[in-house]
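Chemist: Okay, handing you the structure first.
Here, each number is a calculation from the coordinates, and none is a lab measurement. Predicted model only: the values in this text are computed from it and were never measured. In this analysis, Cβ positions are derived from the backbone assuming ideal geometry, glycine residues included, and neighbour counts consider all displayed protein chains.
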Amino acid sequence: MARPSRSARRHLFQALWALGTNAFLVGFARGTIYSGRLKALCVPGLNCYSCPGALGSCPLGALQATLGSYEFQLPLYISGFLMLVGTVLGRFVCGFLCPFGMVQELLYRIPFPKKWRSFPADPLLRYLKYFILVVFVLVLPFCLTDLIGQGYPWFCKLLCPAGTLEGGIPLLLSNETLRSAVGLLFAWKIGFFAVLLLLSMAIFRPFCRYLCPLGAIYAFLSPLALLHYERSDGCNGCGICSTVCPMAANPKHNPNPRECIRCGACLSACPQQALTVRFGFLTPSSLSDDAPHNSKFPEN
Amino acid sequence: MTKLRILQKGVLFGGLTCLLAGLWRGEGAIVLTKAVRICLECIGIG
């Protein structure tokens, strides 16, 4: 029996991880959420803790909760968690451990009149996720507080599609009390979510590319990640790796660009098998062509 | 390359230190308290 392709293995891993971290299935039936102590731990990807099945916490939600609390303004626990995960795994989290990333990939498989790999505004739009990170995740929860000094999770409240898909929709379907409280905010979130669903059929992972603040954090740390790609001297510069990259990340120039989600498409496509996965501290083979090997911080 | 490796190790060590310090001062309880209640903002109600 032929071994499943790299892509098939990755999709299977994504599905198993999503199921494993959202295994409180009775919550979907009862319209409640898991309330055990496991929820003090964060999962690395975007996974709403109000998902009925969620066993762990969303790092973005936890970050905003700590920033907005009146006991602690400096979120050491979550900052440390993100620094560790980002430096160990980088955007491998996006490619393998994020349920919402998996949903977008499934949607992209749906036939659509036109599929875009990139377009003129694409490079500039990639910076939008950093803006969302700073304003909605960091500044607003810290600065906009109520009378007792409590802030709100503004990214979760206004933008997060994972909250809508994983939390809002299943809870409202099974919980009549919550259903009676639906208003304009939910209408906004559903509309935003619907637009993202549509975009996901035309563009590979649009939320991850342009809007995800968690992706922004991991993208920032990704050049330091222990889990990274290396390019051997066997590379002949054909550029097939950049052609097949679904994130339009241009691995020909840099084997570890910030937009790379470690999907492995370039590894599978390289005719010279010049790209390999490595876990360890960076070597000269991990860096871009333009980076001196003694070495500057690698840029995308 | 040496500087990059130092940066890698520094961020790893800093991350681990922050994580442990945060747990030590009780931030895990904040996360748990938030996570075990339905977040009305997250689901589009609050």
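Chemist: Cα-Cα pairs above 27 Å in region A:111-253: how many percent?
Modeler: Working: 3991 of 10153 pairs.
In whole percent, the share of Cα-Cα pairs in region A:111-253 beyond 27 Å is 39.
Chemist: While we're here: Hydropathy first: keep DSSP H helices in chain A averaging at least 0.0 on Kyte-Doolittle, then drop any whose Cα extent along the axis falls short of 20 Å, and list what survives. It would help to have the intermediate numbers written out before the result.
Modeler: Numbers: long enough: A:6-21 (22 Å, -0.21); A:184-202 (28 Å, 2.17).
Length and hydropathy pass: A:184-202.
Chemist: Subtract the Cα-Cα distance of residue A:73 and residue A:174 from 0.36 nm times their separation in residues, and report this length gain in nm to one decimal. Mind dumping the intermediate values first?
Modeler: Working: separation 101, 0.36 × 101 = 36.36 nm, distance 3.55 nm.
Going from the current span to full extension adds 32.8 nm.
Chemist: Let me ask something additional. Explain nothing, just the number: dipole magnitude of chain B about its Cα centre with +1 on each Lys and Arg Cβ and -1 on each Asp and Glu Cβ, in debye rounded to the nearest 20.
Modeler: Working: 6 positive and 2 negative charges, 55 e Å.
I would put it at about 260 debye.
Chemist: Still on this structure: I want the local charge near residue A:243. Using Cβ-Cβ distances under 13 Å, sum +1 for each Lys or Arg and -1 for each Asp or Glu among the other residues.
Modeler: Charge balance in the 13 Å sphere: +2.
Chemist: Still on this structure, I have one more. Springs between alpha-carbon atoms under 10 Å, Gaussian network over chain A: tell me which of A:138, A:67, A:172 tops the mean-square fluctuations.
Modeler: A:172
Chemist: Among A:177, A:243, A:164, which one shows the biggest mean-square fluctuation in a GNM of chain A, springs joining Cα atoms closer than 10 Å?
Modeler: Comparing A:177, A:243, A:164 in a Gaussian network model of chain A, the most mobile one is A:177.
Chemist: Report the one residue of B:38, B:8, B:23 whose Cα lies farthest in the direction of the positive end of the charge dipole of chain B (charges on C-beta: Lys and Arg +1, Asp and Glu -1; origin at the Cα centre).
Modeler: Positive-end residue among those listed: B:8.
Chemist: How far apart, in nanometres, would the label points at residue A:220 and residue A:148 be if each is projected 7 angstrom from Cα along the Cα-to-Cβ direction?
Modeler: 3.1
Chemist: What is the sum of charges around residue A:69, taking Lys and Arg as +1, Asp and Glu as -1, for the other residues whose C-beta is under 15 Å from the C-beta of residue A:69?
Modeler: Details: positive: B:25, B:34, B:37; negative: A:71, A:146, B:27, B:41.
Combined, the nearby Lys, Arg, Asp and Glu give -1.
Chemist: A further question on this structure: Would you calculate a helix-derived [θ] at 222 nm for chain B, using -39,500 (n - 2.57) for each DSSP H run of n ≥ 4 and dividing by the full residue count, to the nearest 500? Kindly include the intermediate steps, with their values, before the conclusion.
Modeler: Details: 2 runs with 32 residues, N = 46.
One gets -23000 deg cm²/dmol as the mean residue ellipticity at 222 nm.
Chemist: Compute the helix-to-body angle for B:2-24: its Cα long axis versus the longest principal axis of chain B, expressed 0 to 90° and rounded to tens.
Modeler: Roughly 40 degrees between the two axes.
Chemist: Helix-only mean residue ellipticity at 222 nm, chain A, DSSP H runs n ≥ 4 weighted -39,500 (n - 2.57), per residue, nearest 500. What is it?
Modeler: Working: 17 runs with 129 residues, N = 300.
Computed mean residue ellipticity for chain A: -11000 deg cm²/dmol.
Chemist: Long-range amide H contacts for residue A:274: which residues qualify at under 5 Å (H placed 1.01 Å from N, peptide plane, sequence gap of 5 or more or a different chain)?
Modeler: Distant-sequence amide H within range of residue A:274: zero hits.
Chemist: Using a 10 angstrom cutoff on alpha carbons, build the Gaussian network for chain A and name the most mobile of A:144, A:211, A:82.
Modeler: A:144
Chemist: Another one. For chain B and region A:45-109, what is the separation of their C-alpha centers, rounded to whole Å?
Modeler: The two parts, judged by their Cα centres, are 9 Å apart.
Chemist: Using +1 at the C-beta of Lys and Arg and -1 at the C-beta of Asp and Glu, which of A:188, A:165, A:200 has the Cα lying farthest in the positive direction of the dipole of region A:164-300?
Modeler: The residue sitting farthest along the positive end of the dipole is A:188.
Chemist: Here is a further query. So what J values fall out for region A:223-236 if you push phi through Karplus, 6.51 cos²θ - 1.76 cosθ + 1.60 with θ = phi - 60°, rounded to Hz, Gly and Pro as x?
Modeler: My calculation for region A:223-236 gives x, 9, 4, 5, 8, 8, 9, 10, 10, 8, 5, x, 5, 9 Hz in order.
Chemist: Any idea how far apart residue A:253 and residue A:9 come out in nm if each label point goes 7 Å out from Cα toward Cβ?
Modeler: Placing both labels 7 Å along Cα→Cβ, they lie 3.0 nm apart.
Chemist: In debye, nearest 20, what is the charge dipole magnitude of chain A about its Cα centre with +1 on Lys and Arg Cβ and -1 on Asp and Glu Cβ, if you could check?
Modeler: Values: 25 positive and 12 negative charges, 137 e Å.
That gives a dipole near 660 debye.
Chemist: Between residue A:233 and residue A:38, how many nm apart are label points set 7 Å from Cα along the C-beta direction?
Modeler: Label-label distance for residue A:233 and residue A:38, simple model: 5.0 nm.
Chemist: Which entries in A:39/A:157; A:189/B:34; A:39/A:129 show an alpha-carbon gap greater than 23 Å? Intermediate results must be reported in sequence, preceding the final value.
Modeler: Numbers: A:39/A:157 20 Å; A:189/B:34 21 Å; A:39/A:129 26 Å.
As for pairs spanning more than 23 Å Cα to Cα, those are A:39/A:129.
Chemist: Further question: When the Kirkwood radius is taken over all Cα pairs of the protein assembly as shown, what Stokes-Einstein diffusion coefficient follows at 20 °C and 1.002 mPa s, in µm²/s? Could the numbers behind the result be given before it?
Modeler: On the way: Rh = 20.8 Å.
The estimated diffusion coefficient comes to 103 µm²/s.
Chemist: Please find the FRET efficiency linking residue A:130 to residue A:202, where r is the Cβ-Cβ separation and R0 is fixed at 25 Å, and quote it to the nearest 0.05.
Modeler: Values: r = 23 Å, r/R0 = 0.93.
The calculated FRET efficiency here is 0.60.
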